[in-house]
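Structure, as structure tokens:
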Amino acid sequence: MAVKIRLKRFGKKRAPFYRVVVMDSRTKRDGRAIEEIGKYHPTEEPSIIEIDSERAQYWLSVGAQPTEQVAALLKLTGDWATFKGEKGVSTVKGASAKADAADAIKAQADAAEKAKADAAAAKEAAKAEETAAAEAEVADEAAEAPAEEN
């Protein structure tokens, strides 16, 4: 049986996402898969590529042939170089990069909120100082006024 590693399409029109699957080369594109070894979301920013490296290495070792698209994904994840015996370096930013980006955005929002609160506190402190100075002037004027009447 000729086994291929290829993409199985899901999603609706103009919003595709794929699963990286191992299947018999004679089955339909979206037919029954032998095993699902990853997923690929090209419409996300940045694209999400998650491939189970251990399973990909196994299937490549037993002779499964990747399609052109899957071969490109395997090269991006570093699995192809590992299979060929070279040093495989992944150039893909996975879900952890998205989580880091979300954390950075949240930290930036928290910093902006803190700066806004600090500015409001400084403004309130300046207003309180101004009020205290005005009250001190009124008290000084009140203290001087009875002294002038005598």
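The values are calculated or read from the model by the stated rules, or taken from the named source; none is laboratory data. Quick caveat: nothing in here was measured; it's all calculated off a predicted structure. Positions of Cβ are generated from backbone atoms using ideal geometry, with glycine treated the same way; all protein chains shown enter the neighbour counts.
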Margin query: List the residue pairs whose Cβ atoms are under 6 Å apart, where the first residue sits in the range 62-83 and is under 13 Å from V20 (Cβ atoms) and modelled with pLDDT under 95, the second is in a helix (DSSP H, G or I) and of a type in the set (S, T, Y), and the two are 6 or more positions apart or on different chains.
Written below: D79/S53
Check: Any residue at all in the range 51-68 that is assigned to a loop (DSSP other than H, G, I, E, B) and among the acidic types (D, E)?
Finding: yes
Next item on the list: Name the residue, out of A97, A102, A107, that is assigned to a helix (DSSP H, G or I), modelled with pLDDT under 85 and in contact with a Pro (Cβ under 9 Å, 6 or more places away or on another chain).
Entry: A97
Next item on the list: Filter the range 42-88 down to residues that are of a type in the set (D, E) and surrounded by fewer than 19 Cβ atoms within 10 Å (Cβ to Cβ) and give me whichever is nearest to R6 (Cα to Cα).
Entry: E68
